[in-house]
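S.K.: Following this message is one structure expressed as structure tokens.
Values in this text are rule-based calculations from the coordinates and carry no lab data. Fair warning: this is a prediction, and the values are worked out from it, not measured in the lab. Glycine gets a Cβ as well: all are built from the backbone with ideal geometry, and neighbour counts include every protein chain shown.
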Amino acid sequence: MDFMKLLKSFEELLYEVLSWFVFYPMTLWRAVRHPQQSVRRATAIAADDEAAEDDGMSPPLFLLITLLIAHGIEIAIRHGAAPDRLPPLLQKDSNLLLTRAILFCIFPLVMAVLSLRGRGAALNRTTLRAPFFGQCCLVAPTALAVSAGAILLHLDAPAAVLAAAAIVGAATVWYLAVEVRWFAHTLGCRRGRAARLAVGGYLLSVAIFFAANLLIALATPGAG
């Protein structure tokens, strides 16, 4: 009986993983093409609406798989060899992936907190869940583009550097434009205030992102 339960669990896990090959591209396309609708869907998922998740993915899982895909491509390009410039702790692929996931989650966390503060809402685990889920949908395409730019830099070619700059620049413009619309809609405010919140939240997230990277490097013996 226990064996049958184990087999059933494996069957469900296998189906869930294989379904990602269908629902990940769908979720990514929706996030890029219809970001505001994706945020609303993510908010419904955060409220445990099973219908909203039936033809998509959980936003945090969507972000994690995005980083996993980018990480896998990077490994293929560098043929499995960890870059020497990384701290020893991050030269293990599992540690590097986990660290990147945490660092990229800084962006949805900061934006979600700003939206709650802007509305004057209470900040707790319950109220933070919905905007955080929504923001994961917006960060995932941006994280994929930024990761693609970083991968291109490994090629050490002038054209690759220009392409990386263009990809990251376009992704940043898209992300900020979407955030301005999101803040304006969520807070019911003018575009000027929404733009200040979006740019301010982005700059704060970037500062925390690089500060965390610096702390990791300094705290790891033999880094550099």
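S.K.: What is the extension gain from Asp48 to Trp174, computed as 0.36 nm multiplied by their sequence separation minus the C-alpha to C-alpha distance, in nm to one decimal?
M.R.: 42.5 nm is the gain from fully extending Asp48 to Trp174.
S.K.: Note the full-extension length gain between His34 and Val22 as 0.36 nm times their separation in residues minus their Cα-Cα distance, in nm to one decimal.
M.R.: Extra length available between His34 and Val22 comes to 2.5 nm.
S.K.: I need the helices of the chain that pass two filters: whole DSSP H segments spanning 15 Å or more by Cα along the axis, and mean Kyte-Doolittle score no lower than 0.5.
M.R.: Helices meeting the span and hydropathy rule in the chain are 59-77, 93-104, 106-119, 125-153, 158-187, 191-219.
S.K.: With each run of n ≥ 4 DSSP H residues scored as -39500 (n - 2.57), what mean residue ellipticity at 222 nm is computed for the chain after dividing by its residue count and rounding to the nearest 500 deg cm²/dmol?
M.R.: Only helices count here, giving -28000 deg cm²/dmol.
S.K.: Using only alpha carbon pairs under 8 Å that are at least six residues apart, calculate the relative contact order of the chain and give it in whole percent. All intermediate terms of the calculation are to be shown ahead of the outcome.
M.R.: Values: 231 pairs, mean separation 54.9, N = 224.
After rounding, I find 25 percent.
S.K.: Could you tell me what % of all Cα pairs in the chain have separations over 33 Å?
M.R.: Every Cα pair in the chain considered, those over 33 Å come to 22 percent.
S.K.: With a Förster radius of 30 Å, plug the Cβ-Cβ distance of Ala166 and Asn213 into 1/(1 + (r/R0)^6) and report the FRET value to the nearest 0.05.
M.R.: On the way: r = 23 Å, r/R0 = 0.78.
E between Ala166 and Asn213, to the nearest 0.05, is 0.80.
S.K.: Given the options Tyr175, Tyr24, Tyr15, state which has the largest fluctuation in a GNM of the chain using a 10 Å cut-off (strictly under) for Cα springs.
M.R.: In this elastic network of the chain, the residue with the biggest mean-square fluctuation among Tyr175, Tyr24, Tyr15 is Tyr15.
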